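Right, one structure below, let's go through it.
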Protein chains: 2
Amino acid sequence: MAAKKVLITGAAGSIGTQMRTLLKDRYDLRLLDRRPVPEPEGEAMICDLADLQGLERACAGIDAAVHLAGDPSGGAGWEALLEDNVKGTYNLFEAARRQGVKRIVFASTNHVTGFYEMEKTYTTPEMLARPDSLYGVSKAFGEDLGRFFVDEYGMAVICLRIGSFQPEEAVKNRGGDRILSTWLSPRDCAQLVWRGIEAEAVKYGIFYGISGNERAYWDTQNARQLLGYAPEDDAERFA
Amino acid sequence: MAAKKVLITGAAGSIGTQMRTLLKDRYDLRLLDRRPVPEPEGEAMICDLADLQGLERACAGIDAAVHLAGDPSGGAGWEALLEDNVKGTYNLFEAARRQGVKRIVFASTNHVTGFYEMEKTYTTPEMLARPDSLYGVSKAFGEDLGRFFVDEYGMAVICLRIGSFQPEEAVKNRGGDRILSTWLSPRDCAQLVWRGIEAEAVKYGIFYGISGNERAYWDTQNARQLLGYAPEDDAERFA
């Protein structure tokens, strides 16, 4: 069977760069970013999320899209979040729909529920959003939009609430202990992404994206049960 | 004690027109719309939700804002929803924050969870969003944004998921039976609004806005318990 054709947006970003390296043997990749993608592992495209027609071209013939592009946590103001995370995510989802892409893995964030963490509340994906930032609000929007595309158009959307995506070095050299709870290693992230692509029975879901951390306070049970996620890392070995 | 100063946005709209009539004796009203407000029951302002500075002027000296402005269900495409419901709601919340407005009653919609209704699932405010339209997605955004403003800035936001807001005549002359479950009479809507303004202990909440309909399939228990909502109408008398 031919490898699935997978689009990665934000392919030049920090998560995108790791994902394309870790997924290149499994999938036939198309790599999109608004900056040039250095040393691309497949066809590369420069396209801004504001460009709906460009996104449609990027989605043509694609089996699954991994939507990592957007403003990352911290720093970004409302105008940038509105443009890139709200409007940009809509454009990507809509382009995918128009081109018949059946499945999207959407990079959401733990910041959708960040205020539970501040109150030291163990958090599950069934709890209502409590964003800790406009960034978190913008990603909550993407999750709700995804739910609509699933229910209305029969697409599949897997929302990964990415934790602290960092290489091992960052855990070793950490400034505080939070990352022992929230770490997501690159290979566990890649596993969540490919399991999200392969879990055909799952049409929609919200999954916390963290490694198998002993000190986790976000519930990953549904990722294990529904996606078959079996994390290889646990930040505890750096404790 | 002097009457509270209450801003109503969308005051020339169908709900706004009823609310200002029904609330004019209780509050000192300031009425905002992008169209002229006919026969205003208080100070009237013409202002678009795109105009953050205008909204700040509208919020100056206000005790509570009732945010009804926005694109109503049906018809509106993504561009209009993005402008009026996403960006416009952000602008109103932000203007309120900057001007020290402590409380917002936000007109959300039952369409935030419309897909449960399609599956005939009894729905409570604790369930995750399942929007049935981009309109529903845009209002889910407002609810999440409100949650953030509450947690981050200590404001209070009361989200009313308005049902079928209609005069009695519309229930009598109904085309189908849905409205027997989803009706919100103007006076019950006004009660929810003023109870939302007066319920000082409630900092955030999502409440279905319907009358005391015997055939209701949206849970209004929290409105009764937390806001003291005691609906006067029940669509059943028109069955």
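When the criteria are applied in full, B:VAL66 meets the requirement of being in contact with a strand residue (DSSP E or B) (Cβ under 7 Å, 6 or more places away or on another chain), open to solvent by less than 30 Å² (accessible area, probe 1.4 Å), over 24 Å from B:LEU128 (Cβ atoms) and away from chain A (no Cβ under 14 Å).
Could you list, in sequence order, all residues of segment A:148-173 that are more than 25 Å from A:THR17 (Cβ to Cβ) and open to solvent by 50 Å² or more (accessible area, probe 1.4 Å)?
Just the residues of segment A:148-173 that are more than 25 Å from A:THR17 (Cβ to Cβ), to begin with: A:148-156.
The answer is A:GLU152, A:TYR153, A:GLY154.
Identify all residues within segment A:186-204 that are touching a helix residue (DSSP H, G or I) at 6+ places or on another chain (Cβ under 7 Å), open to solvent by less than 10 Å² (accessible area, probe 1.4 Å) and not hydrophobic (A, V, I, L, M, F, W, C); write none if there are none. Hit for segment A:186-204 is A:GLY196, nothing else.
Being over 21 Å from B:PHE148 (Cβ atoms) and open to solvent by less than 20 Å² (accessible area, probe 1.4 Å) is the requirement here; does A:SER138 meet it? No, not satisfied.
With respect to B:GLN191, determine if the residue is among the polar types (S, T, N, Q) and more than 15 Å from B:LEU23 (Cβ to Cβ). The answer is no for B:GLN191. Scanning for something under 20 Å from A:LEU226 (Cβ atoms), in contact (Cβ under 8 Å) with a residue 60 or more places away in the chain and open to solvent by 10 Å² or more (accessible area, probe 1.4 Å), does segment A:127-134 turn up at least one residue? Scanning segment A:127-134, I find no residue that is under 20 Å from A:LEU226 (Cβ atoms), in contact (Cβ under 8 Å) with a residue 60 or more places away in the chain and open to solvent by 10 Å² or more (accessible area, probe 1.4 Å), so the answer is no.
Tell me whether segment B:30-44 contains one or more residues that are hydrophobic (A, V, I, L, M, F, W, C) and closer than 17 Å to B:ALA96 by Cα. Yes, segment B:30-44 has at least one match. Checked against the criterion of being within 14 Å of chain B (Cβ to nearest Cβ), closer than 20 Å to A:LYS203 by Cβ and either acidic (Asp, Glu) or open to solvent by 10 Å² or more (accessible area, probe 1.4 Å) (or both), the candidates A:TYR90, A:TYR116 yield just one match: A:TYR90. Taken over segment A:119-139, the criterion of being assigned to a loop (DSSP other than H, G, I, E, B), out of contact with any Phe, Trp or Tyr (no Cβ under 7 Å at 6 or more places or on another chain), hydroxyl-bearing (Ser, Thr, Tyr) and more than 9 Å from every other protein chain (Cβ to nearest Cβ) is satisfied by A:THR121, A:THR124.
From the list A:GLY209, A:GLY176, pick out the single residue that is under 19 Å from A:ARG20 (Cα atoms) and either open to solvent by 20 Å² or more (accessible area, probe 1.4 Å) or in contact with a Gly (Cβ under 6 Å, 6 or more places away or on another chain) (or both). Break it down into steps so the answer makes sense when it comes.
Values: A:GLY176 fails: under 19 Å from A:ARG20 (Cα atoms).
None of the others qualify; the one that does is A:GLY209.
Residues in segment A:95-113 that are assigned to a helix (DSSP H, G or I) and open to solvent by 10 Å² or more (accessible area, probe 1.4 Å): A:ARG97, A:ARG98, A:HIS111.
One residue stands out among those in segment A:140-158 that are more than 7 Å from chain B (Cβ to nearest Cβ) and among the aromatic types (Phe, Trp, Tyr): the one that is nearest to A:SER108 (Cα to Cα), which is A:PHE149.
What are the pairs with Cβ atoms under 7 angstrom where one residue, in segment A:110-125, is over 19 Å from A:GLU214 (Cα atoms) and touching a residue at least 24 places away in the same chain (Cβ under 8 Å) and the other, located anywhere, is open to solvent by 30 Å² or more (accessible area, probe 1.4 Å) and hydrophobic (A, V, I, L, M, F, W, C)? Sequence gap at least six, or different chains. From segment A:110-125, the pairs are A:THR113/A:MET127. Of all the residues in segment B:174-208, those that are in contact (Cβ under 8 Å) with a residue 12 or more places away in the chain, part of a helix (DSSP H, G or I) and among the charged types (D, E, K, R) number 4. Among the residues of segment B:209-230, the ones that are part of a loop (DSSP other than H, G, I, E, B) and touching a strand residue (DSSP E or B) at 6+ places or on another chain (Cβ under 9 Å) come to 8 in all.
The values are calculated or read from the model by the stated rules, or taken from the named source; none is laboratory data. Worth saying up front: this structure is predicted, and the values here are computed from it rather than measured. Every residue, glycine as well, gets a Cβ built from its backbone with ideal geometry; the counts of neighbours run over all protein chains shown. Heavy atoms of the whole protein, side chains included, go into the accessibility calculation; ligands, DNA and RNA do not. Shrake-Rupley method; radii C 1.70, N 1.55, O 1.52, S 1.80 Å.
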